[in-house]
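The values are calculated or read from the model by the stated rules, or taken from the named source; none is laboratory data. Computed from a predicted model, the values in this text were never measured in an experiment. Every residue, glycine as well, gets a Cβ built from its backbone with ideal geometry; the counts of neighbours run over all protein chains shown.
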Amino acid sequence: MFLDSEEGVVPRKKIRIRSYSEDIHNQYNSLLEMKTSSVEGRFKTSIKNPNIEKILSKGFFDSSYGICKPRVRVTYLRSYYQIYGIRLTIDQDIKYSKINTLGRSIYMNTDSDIIIELKANRKVPIEYLLRKFPFERVRFSKYCRAINSCICTT
């Protein structure tokens, strides 16, 4: 998945456990998400309350990638805003951790960047977004940065 994401291959997929709790083991406050990027667009599906302990110890089977086990954990503070009818998310204090099979952090790195993401309806013209938000567009994947900082450098 990492190599597909780095190279921009389509279709590709990212599988993640999204937790709204500091305790990743709290399955009742978690989702298992599959984000697919394809020629047709980007899609996300999720499973509520997955068996976190099983995924951490045995992995999750994906028909394209086989058995997938969590390798990194990404945490950040997210703020939500709306302006000009466009939703904005701002992510800061981004931390990347390499995790072991028990889901425990064994290495951590902090990202100094602050990420602003625009979220608009598909009907909103790109010209409108560029006019209202005249900033440089940069590809940013917290997942790829986590792998690069925690796995590739340790």
Within region 141-154, track down each residue that is touching a residue at least 12 places away in the same chain (Cβ under 8 Å) and either surrounded by 15 or more Cβ atoms within 10 Å (Cβ to Cβ) or in contact with a Ser or Thr (Cβ under 7 Å, 6 or more places away or on another chain) (or both). S141, K142, Y143, C144, R145, A146, I147, S149, C150
Single unsatisfied condition, D91 versus (1) at pLDDT 95 or above; (2) in contact with a helix residue (DSSP H, G or I) (Cβ under 8 Å, 6 or more places away or on another chain); (3) more than 24 Å from F135 (Cα to Cα): (3)
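Out of all the residues in region 113-144, which are assigned to a loop (DSSP other than H, G, I, E, B) and under 30 Å from E53 (Cα atoms)? Explain how you work it out, then say what you get.
Let us first name the residues in region 113-144 that are assigned to a loop (DSSP other than H, G, I, E, B), namely 113-114, 120-125, 133-141.
Hits for region 113-144 are F140, S141.
Residue by residue, here is whether (1) at pLDDT 95 or above; (2) touching a strand residue (DSSP E or B) at 6+ places or on another chain (Cβ under 7 Å) holds:
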| position | (1), (2) |
| --- | --- |
| H25 | no, no |
| S30 | no, yes |
| P70 | no, yes |
| S79 | yes, yes |
| S97 | no, yes |
Just to check your reading of the model, which residue among R18, R12, R78 is within 17 Å of the chain's Cα centre (by Cα), in the same structural domain as K98 (by TED's automatic domain parsing) and not hydroxyl-bearing (S, T, Y)? R78
Of the residues that make up region 45-56, is at least one more than 20 Å from I151 (Cα to Cα) and modelled with pLDDT of 95 or more? yes
Can you find a residue in region 76-84 that is crowded, with 16+ Cβ neighbours inside 10 Å and among the small types (G, A, S)? no
Selection from region 65-95 of residues that are touching a Lys or Arg at 6+ places or on another chain (Cβ under 6 Å) and hydroxyl-bearing (S, T, Y): T75, Y84, T89
Note down all Cβ pairs under 6 Å where the first residue falls in region 1-14 and is on the phi > 0 side of the Ramachandran plot and among the acidic types (D, E), the second is surrounded by 12 or more Cβ atoms within 10 Å (Cβ to Cβ) and modelled with pLDDT of 95 or more, and they're at least six residues apart or on different chains. none
Over region 65-112, the set of residues part of a loop (DSSP other than H, G, I, E, B), closer than 20 Å to E53 by Cβ and touching a residue at least 40 places away in the same chain (Cβ under 8 Å) is P70, R71, T101, L102, G103
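Of G103, G85, G66, which residue is of a type outside the set (A, V, I, L, M) and in the same structural domain as N29 (by TED's automatic domain parsing)? Give the steps one after another, and end with the answer.
Values: G103 fails: in the same structural domain as N29 (by TED's automatic domain parsing); G85 fails: in the same structural domain as N29 (by TED's automatic domain parsing).
Just one listed residue meets the conditions, G66.
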